[in-house]
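Chemist: First the structure, which I've put down as C-alpha cells, then a few questions once you've had a look.
The values are calculated or read from the model by the stated rules, or taken from the named source; none is laboratory data. Worth saying up front: this structure is predicted, and the values here are computed from it rather than measured. Heads up, the Cβs are rebuilt from the backbone with ideal geometry, glycines too, and the neighbour counts pull from every protein chain shown. Quick note on the areas: whole protein, heavy atoms, side chains included, nothing else; ligands and nucleic acids left out. Shrake-Rupley method; radii C 1.70, N 1.55, O 1.52, S 1.80 Å.
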Amino acid sequence: MKKNFVAVLLVIALSTFAVYAVDDASFQVETSVAGINMMKLTQASFSGNKAALEGAAAYTGPLEVTASGVQPFDAYLSTLSNNRKGYTVSMTATAMASEVSGQATSYIDYTVQVNGVSIETDGANVVAGKTVIDQLAMAGLASQSHKISLTVDSTTFDVAVEGDYEGTVTFIYAAK
C-alpha cells in the first residue's frame with residue numbers, strides 16, 4: 001500500500017509541475033535595408049560609405065583642352081553599392097564638335113579610358129558605348145574608384161578650324 005501511495009504522490013507531483021510549467025516566449029526582429037546605388041565623378045580616389053561619397057569633392061569640369069595629347073586632370077569614376085545582384089556602368093563619348101550655322105561641323109577626336117576600357121571618338125560617327133564596370137553579385141556594401149584619362153588626337157586637333165568645340169563623356173549606372 002505504501003508503494004501505491006508513493007506512486008500516487010509522484011503522479012500528483014508531476015501533474016502539478018506540468019500545470020505550472022511555462023512555455024517558451026519569443027519575438028521577431030525585423031528591418032529593411034534600402035538599396036544604395038550611387039555613382040559620382042570625384043576629384044580623388046574614393047573608398048568608404050555613403051556619407052563619405054556624398055562628401056567627396058565632385059569633378060564637374062569642363063576639362064579645358066589647350067593642346068593635343070594626354071590631358072592633365074584628376075577625375076575618378078566612383079561607385080558605391082549594396083545591390084545584391086550587382087550593377088554595371090557603361091560609358092559613351094562624343095567627339096568635340098564645333099557647329100557654325102551654314103558651315104560644315106568640325107570635329108576633334110579623343111580617347112577616354114576608365115578601368116582599362118577605352119573609347120576613341122570618330123568625328124560625326126556614333127561610337128558604341130562600352131561597359132567599364134561589371135560588378136557581379138555582392139555580399140555587402142562595396143565601393144570602386146577608377147581614374148579617368150583622356151588623350152586628345154593630335155591629327156584632328158592640329159588641323160582644326162577656329163571655333164568653340166564641345167564633346168561629352170557620359171557614364172550610365174544600371175542595377176542588375
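Chemist: State whether the residues of region 133-149 include one that is modelled with pLDDT of 95 or more, open to solvent by 40 Å² or more (accessible area, probe 1.4 Å) and under 19 Å from residue 65 (Cα atoms).
Modeler: Checking region 133-149: at least one residue is modelled with pLDDT of 95 or more, open to solvent by 40 Å² or more (accessible area, probe 1.4 Å) and under 19 Å from residue 65 (Cα atoms).
Chemist: Right, here's the next one. Out of the residues in region 29-58 that are open to solvent by 80 Å² or more (accessible area, probe 1.4 Å) and of a type in the set (D, E, K, R), which is nearest to residue 176 (Cα to Cα)?
Modeler: 50
Chemist: Tell me, yes or no, whether region 160-171 has at least one residue that is crowded, with 17+ Cβ neighbours inside 10 Å and closer than 28 Å to residue 52 by Cβ.
Modeler: Checked region 160-171: at least one residue is crowded, with 17+ Cβ neighbours inside 10 Å and closer than 28 Å to residue 52 by Cβ.
Chemist: Name the pairs: first residue in region 97-122 and without any contact (Cβ under 8 Å) to a residue 24 or more places away in the chain and closer than 13 Å to residue 160 by Cα, second residue in a loop (DSSP other than H, G, I, E, B) and open to solvent by 70 Å² or more (accessible area, probe 1.4 Å), Cβ to Cβ under 6 Å, at least 6 apart or on different chains?
Modeler: 105/99
This table checks each residue for (1) at pLDDT 95 or above; (2) within 27 Å of the chain's Cα centre (by Cα); (3) open to solvent by 70 Å² or more (accessible area, probe 1.4 Å); (4) hydrophobic (A, V, I, L, M, F, W, C).
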site	(1), (2), (3), (4)
67	yes, no, no, yes
86	yes, yes, no, no
96	yes, yes, no, yes
120	yes, yes, yes, no
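Chemist: Still on this structure, I have one more. Just the residues that are assigned to a strand (DSSP E or B) and either touching a Gly at 6+ places or on another chain (Cβ under 7 Å) or among the basic types (Lys, Arg) (or both), please, taken from region 73-92.
Modeler: Residues of region 73-92 that are assigned to a strand (DSSP E or B), as a first pass: 76-81, 87-92.
Residues satisfying the conditions are 90, 91, 92.
Chemist: Quick one: in region 118-129, which of the residues that are part of a loop (DSSP other than H, G, I, E, B) and either aliphatic (A, V, I, L, M) or out of contact with any Asp or Glu (no Cβ under 8 Å at 6 or more places or on another chain) (or both) is farthest from residue 104 (Cα to Cα)?
Modeler: Within region 118-129, the match that is farthest from residue 104 (Cα to Cα) is 129.
Chemist: Looking only at region 71-80, decide whether some residue is more than 24 Å from the chain's Cα centre (by Cα) and under 29 Å from residue 55 (Cα atoms).
Modeler: Yes - at least one qualifying residue is present in region 71-80.
Chemist: For a quick check of your reading: which strands (runs of 3 or more DSSP E) sit entirely within region 130-176 and have at least 2 residues that are out of contact with any Cys (no Cβ under 9 Å at 6 or more places or on another chain) and among the aromatic types (Phe, Trp, Tyr)?
Modeler: On the way: elements: 130-135, 142-152, 169-175.
Where strands (runs of 3 or more DSSP E) fall fully within region 130-176 and carry at least 2 residues being out of contact with any Cys (no Cβ under 9 Å at 6 or more places or on another chain) and among the aromatic types (Phe, Trp, Tyr), they are 169-175.
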